[in-house]
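A short write-up of the structure that comes next.
The values are calculated or read from the model by the stated rules, or taken from the named source; none is laboratory data. Remember, it's a predicted structure, so these values are computed and weren't measured experimentally. Glycine also receives a Cβ, built like all others from the backbone with ideal geometry; neighbour counts cover every protein chain displayed. The area values use the complete protein model at the heavy-atom level, side chains included, leaving out ligands, DNA and RNA. Shrake-Rupley method; radii C 1.70, N 1.55, O 1.52, S 1.80 Å.
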Amino acid sequence: MIKLARYLKPYWASIVLVVSLLFIQANADLALPDFMSKIVNVGIQQGGIEDAVPQAIGSSSFDKLMGFLATDDQEILKASYTAVDQGVPGYSSLARRYPKAGEETIYTLNTAGASSRKRLEAVLAPAMVAATFARQAVAAMGEDSARAAAMLQGPMLEGMKSKIAGMDPAMIAQMGVQAVKSEYERLGMDLGKLQSGYILATGGSMLLITLLSVACVVLVGYLGSRTAAGIARDLRLDFFKKVESFSFAEFDTFSTASLITRSTNDITQIQMLVLMGVRMFFYAPIVGIGGVIRATGKASSMWWIIALAVTVILGVIATVFALALPRFKSIQKLIDKLNLVVRENLSGMMVIRAFSMQDYEEKRFDTANKNLTGTMLFINRVMVVMMPLMFFIMNVVSIVIIWIGAHEVAQAQIRVGDMMAFMQYAMQIFFSFIMLSFMFIILPRASVSAERLAEVLETKPSILDPCQPLAFDPTIPAAVEFKHVSFRYPGASEDVLHDISFRAEPGQTTAIIGTTGSGKTTLVSLIPRFYDPTEGSVTVADRDLRSVSQASLRERIGFVPQNATLFSGTIESNLRYAEESATADRMVEALEISQAKEFVDSKPEGLGLEISQGGGNVSGGQRQRLSIARALVKKAPINIFDDSFSALDFRTDAELRKAVRSKLADSVVFLVTQRVASVRQADQILVLDEGRLVGKGTHSELMETCEVYRDIALSQLKQEELA
């Protein structure tokens, strides 16, 4: 994967933005359980009263609180509240909110920050609890209120304060909230409205946070998709460019089926990894770590539940991937094999049917298909087991949290809302691990795909242009010369061409003949530099081919391979493949030389006739003649016909050779063939036998001096025809 990391560089801004959005989304998602906890704890259980600091307090209650406070705390209380008497602006609105206050002075809370409010609560809550106890004690005595109040002075008051000081601060805070609620009731405040207002406000905040999270999800999905698609596009382009730069030696290393799989399926795996990874690799850790911090903040006594569950989940994931990882690594090779079988069947369908081998090919395909299917099924079975196990663990954890949490709620150690928030944080933590487990499903296969892509992208072509290529001298004729050339294929143990030397001059037709496998095609493949010679040199216009650029060399060559290849499009687009700016007259002339004009003119569409993929809608001879016409459109000084007349009848062959001699009189022409009749008029005939040049000369000279040529000629023609 690291080898392909450079493809992320152009998209760093999008990735940074995605990470920022994921951080916002994660924090938004982590905030929701806290708000839910507030709705339960404050909105439902406390009636919308957040703490033991009342927003307003009557003068009678204020004076009682002063009696339960130390001198310093009394000053804090006086500084925190402002007295609002009748006739003062704002009293009328307070009277409407607290209708039972009557003519009583109302003390309103000054604006305070969160830290100041916390300090004030620490002062007020014990005093309000003490005042509540005192009020309850007076009510229980049933005596004169003045005498009862007098009894609460001295030791009895100190004992009450001591008892309150020994209580849990959380319990004091909750009791203080109830005291505030009682004060609001005394003043006539609408507590139902207060409660519903708090719940609606908190719920509205949750809705806004949820919308923010949704917006982040949409933006992350959009940016992630663009990034993944862009990386896949760049990979495909670079992969295609690299394959285009390969020589035949590299194509011998990578099969066509494998290259197709790598450029499609493997790149799709990388795209999926980026698409999901951009989100999950960052979001899951943020949620996991943030969830642990917030969960322990809500109920620190239950941290061990999350730790135990995470340990079990990690064990399940490790076991699953120990079983599945080896199979992941073999999937892409199995897809290669399946593609190879499919490609061979589609391209060789006529041969398969001719030999009635459909059953054999079906079994061959079935074997490759079953191997791939079996591997995929094994992996899917393992992964299918993992998900139920994950959810089973999550449900068990939920039950344990409820069981332990209920006991702690009963003992007033935590509140119900905090227990519920702890459970939600635990679920978020587990889902983050589930998301990471999905990444671990994709990562091994994508890693293998990345290695396969890098293998191609890092392959250095064996044929490269020189650092400072030389230019062809236009004044020097484009003669082709082989000087003691030997060649062996990469990885082969012996040469296929041995010490070959000859020169082909412009205006001269050089025919190459020999038995099958004698090296004819290999020899002419050295001229356009599809391969480089192992020893010796090949020159064009007195320039060693390794000293010039491949583009400048191939601009001077018109090449017709053994297997005529046409591209989907029209006849005209196929002809222009050689020369985009070719005129109509030049294309017509090329068709006349190749003996294809009559065939083209017979079609109503003419040059606009659509050619199907591979030229499947024309005959072999027509396909061959169109391939020859395409090379002739180029008007190159060197023309190579590699067994290009094999699908032509003798009459068409003769007319084509005659037209070539007259129209290409100034060109170097190479004619590779196995027909003696096709080479009899050649200016120079090269005879190859097992990669060695065993004869060179004209037809009549070779009949006298070359036994191999004479044997080939006698096997094809009668004695009187050879004269």
message: Could you check the spin-label model distance between Glu494 and Glu535? Points 7 Å from the Cα along Cα→Cβ, value in nm.
response: 1.5
field: Alpha-carbon centroids, the stretch 694-719 and the stretch 424-446: separation in whole Å
entry: 76
task: For the chain, find the longest principal axis of its Cα atoms and tell me its angle to the long axis of helix 12-38, 0 to 90°, nearest 10.
output: 30
- prompt: Taking the Cα centre of each part, how many Å lie between the stretch 11-39 and the stretch 220-235?
  reply: 21
field: Segment Glu505-Arg233, extension gain: residue separation times 0.36 nm, minus the distance between their alpha carbons
entry: 93.2 nm
task: For the stretch 446-451, just list the computed ³J(HN,Hα) in residue order, Karplus coefficients 6.51, -1.76 and 1.60, θ = phi - 60°, integers in Hz, with x standing in for Gly and Pro.
output: 5, 5, 5, 4, 4, 5
message: Need the full-extension length gain, Ala249 to Ala201, defined as separation in residues times 0.36 nm minus the C-alpha distance. One decimal, nm.
response: 10.0 nm
statement: Contour minus Cα-Cα span, Ser59 to Ser462, at 0.36 nm per residue, comes to 135.4 nm
- request: Quote the relative contact order of the chain in percent (integer), defining contacts as alpha-carbon pairs under 8 Å separated by 6+ residues.
  value: 14
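Distance check, please: which entries in Lys634/Lys696; Lys460/Lys635; Lys635/Lys658; Lys118/Lys181; Lys337/Lys460; Lys38/Lys118 exceed 22 angstrom between their Cα atoms? Provide the component values of the computation, followed by the final result.
Values: Lys634/Lys696 29 Å; Lys460/Lys635 32 Å; Lys635/Lys658 17 Å; Lys118/Lys181 18 Å; Lys337/Lys460 25 Å; Lys38/Lys118 17 Å.
Among Lys634/Lys696; Lys460/Lys635; Lys635/Lys658; Lys118/Lys181; Lys337/Lys460; Lys38/Lys118, the Cα-Cα distance tops 22 Å for Lys634/Lys696; Lys460/Lys635; Lys337/Lys460.
Ignoring any ligand, DNA or RNA, what whole percent of the accessible area of the stretch 366-465 comes from carbon and sulfur when the probe is 1.4 angstrom? Numbers along the way, then the final one.
On the way: 3250 of 4720 Å².
C and S fraction of accessible area: 69 percent.
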Rounded to whole Hz, the Karplus (6.51, -1.76, 1.60) HN-Hα couplings of the stretch 551-562, x for glycine and proline: 5, 5, 5, 6, 5, 9, 10, x, 10, 10, x, 4
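What FRET efficiency, computed as 1/(1 + (r/R0)^6) with R0 = 51 Å and r the Cβ-Cβ distance, is obtained for Ile289 and Lys78, rounded to the nearest 0.05? It would help to have the intermediate numbers written out before the result.
Values: r = 45 Å, r/R0 = 0.88.
Efficiency computed from Cβ-Cβ geometry: 0.70.
What does the accessible area per residue of the chain come to in Å², with a 1.4 Å probe and no ligands, DNA or RNA counted? Walk me through the numbers on the way to the answer.
Working: 36210 Å² over 723 residues.
I get 50 Å² per residue for the chain.
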- line: Relative contact order of the stretch 571-723 (C-alpha contacts under 8 Å, at least 6 apart) in percent is 18
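Past 24 Å, Cα to Cα: identify those pairs from Lys520/Lys597; Lys3/Lys241; Lys333/Lys363, in the order given. All intermediate terms of the calculation are to be shown ahead of the outcome.
On the way: Lys520/Lys597 30 Å; Lys3/Lys241 18 Å; Lys333/Lys363 19 Å.
In this structure, Lys520/Lys597 exceed 24 Å between Cα atoms.
Can you give the net charge of the other residues whose Cβ lies under 14 Å from the Cβ of His484, counting K and R as +1 and D and E as -1?
Values: positive: Lys483, Arg503, Arg692; negative: Glu481, Asp495, Asp499, Glu535, Asp544.
Here the charged neighbours net out to -2.
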Normalised contact order of the stretch 526-589, rounded percent, pairs of Cα under 8 Å and 6 or more residues apart: 20
task: Could you pull out every residue, at least 5 positions away or on a different chain, whose amide H is within less than 5 Å of the one on Phe670? Hs are placed 1.01 Å off N in the peptide plane, and Pro or chain starts have none.
output: Thr510, Asn639, Ile640, Phe641
- request: Determine, from the Cβ-Cβ distance of Asp542 and Thr521 and an R0 of 22 Å, the FRET efficiency 1/(1 + (r/R0)^6), rounded to the nearest 0.05.
  value: 0.30
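Can you tell me the order of 415-424, 536-545 when each peptide is scored by its average per-residue count of other Cβ atoms within 10 angstrom, highest first?
415-424, 536-545
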Centre separation in Å (Cα based) which lies between the stretch 505-562 and the stretch 290-333: 63
Label point at Thr132 placed 7 Å out along Cα→Cβ; residues across the stretch 179-213 whose backbone nitrogen lies under 15 Å: 179-186
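Work out the FRET efficiency for Leu314 and Asp683 from their Cβ-Cβ distance, taking R0 = 45 Å, and round it to the nearest 0.05. If you can, show how the numbers build up before the last one.
Details: r = 79 Å, r/R0 = 1.77.
That gives a FRET efficiency of 0.05.
Give, as a single signed number, the net charge of other residues whose beta carbon lies under 15 Å from the beta carbon of Ala647, with Lys and Arg counted +1 and Asp and Glu -1. Kindly include the intermediate steps, with their values, before the conclusion.
Details: positive: Arg623, Arg625, Arg651, Arg657, Arg675; negative: Asp642, Asp643, Asp649, Asp653, Glu655.
My count for the surroundings of Ala647 gives 0.
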- prompt: Once both axes come from the Cα atoms, what is the angle between helix 620-633 and the longest principal axis of the chain, in degrees from 0 to 90, rounded to 10?
  reply: 90
message: Can you tell me the orientation of helix 169-187 relative to the chain, as the angle in degrees between its alpha-carbon axis and the longest Cα principal axis, to the nearest 10?
response: 60
